[in-house]
Structure formats: structure tokens, C-alpha cells
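Undergrad: Structure incoming, see below.
The values are calculated or read from the model by the stated rules, or taken from the named source; none is laboratory data. These numbers come from a predicted model, not from an experiment. No Cβ is skipped: glycine too gets one built from the backbone with ideal geometry, and neighbour counts run over all protein chains shown. Accessible surface is based on the protein model in full, side chains and every heavy atom, while ligands, DNA and RNA are left aside. Shrake-Rupley method; radii C 1.70, N 1.55, O 1.52, S 1.80 Å.
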Amino acid sequence: MTSLVEQERKLMEELSQRVHRTFAAAAAAGVPTDAFADVQAIADAMSAALPTHHVYDQVVGPFYDTAGLTRWWKVSRQAVSKKVATNAVIACRLEEGQWVYPVWQFTRSGTVRPDLVQVWRVLRSGADPWTGAMWLRAPQDALAGKSAVQWLTDNGSVDTVLTAARADVQRWAA
């Protein structure tokens, strides 16, 4: 298992290389220094994609928070709220009222995996967000002991997951 210190070192090396390439390309293209003047804003944008830490990390997390998601997506808080309201993003509310978004639902480009949204909407028809998120991460007998997230990551059929989710939603309603 890799430690956080080792992961940080790897990330810093990768970022250093990418930043160096970006600045070299900018210099070659004659980009003015002013383009990089707001170092704080650039650092904020780069760190927005880093997962935050919450008590629920062990079961459902890690998570992004709303501030991080708005910076990553380059959208307003209202745009994120609309996605939450329409169940287009998996979101859970902490006791303090803050929304968090499990990292595992996102592709590298920041889109929410459509297969997970399909399952999420079924789960939300009969369960609160935390129950739905925990269901997605818990081993399921109907999925050969894998979680729905792992099943779908391994290219398992979304129909199999939807069938299992619908069965549990019906059982919860009984």
C-alpha cells in the first residue's frame, strides 16, 4: 500500500513536469507573463480537483466538496445544486449542511458516469442519499460479491445492477 507521503511526492513530480511543459510551451508561443500573474488563482484551480477528507471516507468517500466541484467544473454553486436536485450527480449532505460528492462517480474529465447516475436515480426513489451511496459501495450478492461501483468499473452490465437496485428499493418500501 502506498502512503499519503508517497502519493504526494508522485503528484508533485507529475505536476512539476506538467507545469514546466506548460510554461515552456507558453514561452515558445510568446505568451506574456501576465497570463500567469494570478498564481493564487491558478493554484486554487489546480487543487480544486483534490479530494477532501470527511468522516465518511472509509465507507463512501473520498469526496469533493461543492467549492472544489464548482472550480473543477467551472460552474456556479447554483449549477451544482441543480444537478443535485435532479439526481444528475451523487451527492450526500453532511450534518453541518455541506454537500459532498463521492470521487468514484467522476471520469477523468469530470463528467459523472452515466451508468452510476441511472442506478443512483433508482436508489433515490426509495432511499436517502447516504443509504444510496453506501449501497453503491457495499458488496452485493447479486453482483458476485462486488459493489455496484466495482461491478460497473469492471464493465459489468448496468442492467444487472439496476435489477439489484430495484429489488432492494422494493424491499425497503415493504
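Undergrad: Relative contact order, percent, of the chain when contacts are C-alpha pairs under 8 Å separated by at least 6 residues?
TA: 14
Undergrad: Let me ask you something else. Can you give the longest stretch of the chain with no exposed loop site, where a site means trypsin sites (Lys or Arg not before Pro) in a DSSP loop (not H, G, I, E or B) with at most 14 other C-beta atoms within 10 Å?
TA: 1-73
Undergrad: Local charge sum around residue 156 (other residues, Cβ-Cβ under 10 Å, Lys/Arg +1, Asp/Glu -1)?
TA: Cβ neighbours under 10 Å give a net charge of -2.
Undergrad: Can you return the aspartates and glutamates within cross-link range of residue 83? Criterion is Cα-Cα under 17 Å, with same-chain partners fewer than 8 residues away left out.
TA: Counting by Cα, and skipping residues close in sequence, residue 83 has these aspartates and glutamates nearby: 65, 115, 128.
Undergrad: Helix 4-29 against the longest principal axis of the chain: what's the angle in degrees, Cα atoms only, rounded to the nearest 10?
TA: Between the helix axis and the principal axis of the chain, the angle is about 50 degrees.
Undergrad: Ok, one more. Give me the percent of the accessible area of the chain that comes from carbon and sulfur atoms, probe 1.4 Å, all protein chains in place. Could the numbers behind the result be given before it?
TA: Values: 6060 of 10860 Å².
Of all accessible area on the chain, carbon and sulfur atoms account for 56 percent.
Undergrad: Relative to the longest principal Cα axis of the chain, at what angle does helix 114-124 sit, 0 to 90 degrees, rounded to 10?
TA: So the helix axis and the longest Cα principal axis differ by about 50 degrees.
Undergrad: Roughly what % of Cα-Cα distances in the chain sit above 26 Å, to the whole percent?
TA: 41
Undergrad: Taking a probe of 1.4 Å, how large is the accessible area per residue of the chain, in Å²?
TA: On the way: 10860 Å² over 174 residues.
Roughly 62 Å² per residue, with all protein chains present.
Undergrad: Further, regarding this structure: Would you mind calculating the gained length between residue 93 and residue 170 on full extension (0.36 nm times residue separation, minus the Cα-Cα distance), in nm to one decimal? Walk me through the intermediate numbers first.
TA: Working: separation 77, 0.36 × 77 = 27.72 nm, distance 2.39 nm.
Extra length from residue 93 to residue 170 when fully extended: 25.3 nm.
Undergrad: Exposed loop GluC sites (Glu not before Pro) only (DSSP loop, at most 15 other Cβ atoms within 10 Å): please give the longest stretch of the chain free of them, not including the sites.
TA: Result for the longest clean stretch: 1-94.
Undergrad: Also, quick follow-up: Taking the chain as a Gaussian network, where each spring joins two C-alpha atoms under 10 Å apart, which residue of 34, 65, 154 fluctuates the most?
TA: In the Gaussian network model the winner is 34.
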